[in-house]
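Participant: Got a structure for you, written out below as structure tokens; questions coming shortly.
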């Protein structure tokens, strides 16, 4: 199987990226992806194989 998700980068090589917090776009992508892979969005139901 696969285990993929959206992971925002807030720190790299011990340095903050931006303000060190998850941004609004990353949050939206995380939410959209999570809903899609859990079969909650009809548009992406073909991504899911229910077992």
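Just so you know, all these numbers are worked out from the coordinates, no wet-lab data involved. The model shown is predicted, which means the values in this text are computed figures rather than measured ones. In this analysis, Cβ positions are derived from the backbone assuming ideal geometry, glycine residues included, and neighbour counts consider all displayed protein chains.
Participant: From the list (i) 3.4; (ii) 7.7; (iii) 4.7, can you say which value of mean projected area of the Cα convex hull in nm² was derived from the structure given?
Facilitator: Read-out taken from this structure: (iii).
Participant: Now for a separate question. Quick one: order 13, 19 by neighbouring beta-carbon count within 10 Å, fewest to most. Working shown, then result.
Facilitator: Working: 13 5, 19 8.
So the ranking, lowest neighbour count to highest, is 13, 19.
Participant: Contact order normalised by length for the chain, with contacts defined as Cα pairs under 8 Å and 6 or more residues apart; what percent is it?
Facilitator: Values: 34 pairs, mean separation 13.5, N = 51.
The normalised contact order for the chain reaches 26 percent.
Participant: Specify the angular offset, from 0 to 90 degrees and rounded to the nearest 10, of the alpha carbon long axis of helix 24-37 from the longest principal axis of the alpha carbons in the chain.
Facilitator: Approximately 20 degrees, to the nearest 10.
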